[in-house]
Amino acid sequence: MSKGFIFDLDGVIVDTAHFHFLAWRKTAAELGFELTETLNEQLKGVSRIDSLQKILDWAGVSISEETFDRMTAEKNIDYLTHVNQMGHDDILPSVEDFLKKVKTLGHPIALGSASKNAPAILAKVGLLHIFDTIVDGNSVSKAKPDPEVFLIGARQLGVLPENCIVFEDSVAGVAAANAAGMTSVGIGSEDVLDHADFIFKDFTEFHPHFIDQLVTT
Ligand code: BG6
Ligand code: MG
């Protein structure tokens with residue numbers, strides 16, 4: 001039976017989670033607030049608008065709608081200066097081999113990301129072609145931890161949610177996958193992603209029969 005494989009982008013396929021952190025840290029500094037790596041965990045998987053709102057809440061600062069729009073625009077410009085340096089070598093270790101193996105075994109693949117930059121990033125690293133469908137920040141109305149992004153992905157792949165496996169590096173994303181009734185594979189630290197069904201530091205840690213295990217359970 002075919003399973004649906006759904007991958008988050010930032011922090012799973014490429015290390016852009018770090019670029020988001022660097023850019024938001026600048027925004028926070030402009031507001032007189034220090035964004036730590038620990039707090040940043042709560043921004044992972046969260047939309048651009050919700051991320052700035054969280055920073056404002058933490059900083060205890062309120063700004064006009066105009067400043068809000070300027071700050072999200074500037075954050076994205078800063079973020080894209082990092083993204084523009086990216087190429088095929090920036091795909092995280094063992095990710096491309098894993099995607100190819102899933103494809104060779106005949107399982108459809110979706111992207112399920114909150115990012116509006118997702119298609120451009122996939123094109124830059126040369127992975128756009130491998131996805132059967134892309135659900136990104138332009139096509140969802142409810143942000144993770146809402147399961148919408150993954151449920152749309154499953155529907156577009158023609159696979160029932162319970163037969164989908166989601167790869168996620170964020171707390172919000174693992175919660176979204178679990179809420180969708182899918183199997184969740186957390187990529188990152190056990191301390192942060194303890195709600196995932198499986199947790200690995202990165203794709204190099206998957207054992208050789210991990211795909212078989214996922215497909216037969
Ligand atoms: C998610 C990231 O994938 O996309 C978040 O984990 C980010 O950090 C969100 O805020 C939105 O991304 P973008 O590229 O549309 O600003
Ligand atoms: Mg992510």
- Item | Counted residues, segment 1-37 - those being more than 20 Å from S189 (Cα to Cα), hydrophobic (A, V, I, L, M, F, W, C) and more than 16 Å from ligand 2 (Cβ to nearest atom) | 5
- Note on the structure: Here the qualifying pairs (Cβ atoms under 7 Å; residues six or more apart or on different chains; first in segment 65-82 and farther than 14 Å from D50 by Cα; second among the charged types (D, E, K, R) and more than 11 Å from ligand 1 (Cβ to nearest atom)) come out as D78/K26
- Query: Which of the following residues is open to solvent by 40 Å² or more (accessible area, probe 1.4 Å), of a type outside the set (S, T, Y) and within 27 Å of T72 (Cα to Cα): P119, P147?
  - Reply: P119
- Do any helices (runs of 4 or more DSSP H) entirely within segment 120-217 hold 3 or more residues that are in contact with a Lys or Arg (Cβ under 8 Å, 6 or more places away or on another chain) and within 15 Å of ligand 2 (Cβ to nearest atom), and if so, which? 171-179
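Hey, does segment 4-23 have a residue that's touching a Cys at 6+ places or on another chain (Cβ under 8 Å) and away from ligand 1 (no atom under 14 Å from the Cβ)?
yes
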- Task: Kindly list, by first and then second residue, each pair from a residue in segment 137-149 that is of a type in the set (D, E, K, R) to a residue that is buried (at least 17 other Cβ atoms within 10 Å of the Cβ), limited to pairs with Cβ atoms under 6 Å and residues at least 6 apart or on different chains.
- Result: K142/E148; K144/G45; K144/A114; K144/A172; K144/G173; K144/A176; E148/V140
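When only residues in segment 38-66 that are of a type in the set (G, A, S) and within 16 Å of ligand 2 (Cβ to nearest atom) count, which is nearest to A175 (Cα to Cα)?
If we take residues in segment 38-66 being of a type in the set (G, A, S) and within 16 Å of ligand 2 (Cβ to nearest atom), then G45 is nearest to A175 (Cα to Cα).
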- Tally of residues being assigned to a loop (DSSP other than H, G, I, E, B) and under 17 Å from the mean Cα position of the chain (by Cα) across segment 95-119: 5
- Message: Give me the residue from segment 28-50 that is away from ligand 1 (no atom under 11 Å from the Cβ) and not in a loop (DSSP other than H, G, I, E, B) and, out of that set, least open to solvent (accessible area, probe 1.4 Å).
- Response: A28
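The values are calculated or read from the model by the stated rules, or taken from the named source; none is laboratory data. If you're wondering where the values come from, they're calculated on a predicted model, not measured in any experiment. FYI the Cβ positions are ideal-geometry reconstructions off the backbone, even for glycines, and counts take in every protein chain you see. Surface accessibility is based on the protein's heavy atoms, side chains included, excluding ligands, DNA and RNA. Shrake-Rupley method; radii C 1.70, N 1.55, O 1.52, S 1.80 Å.
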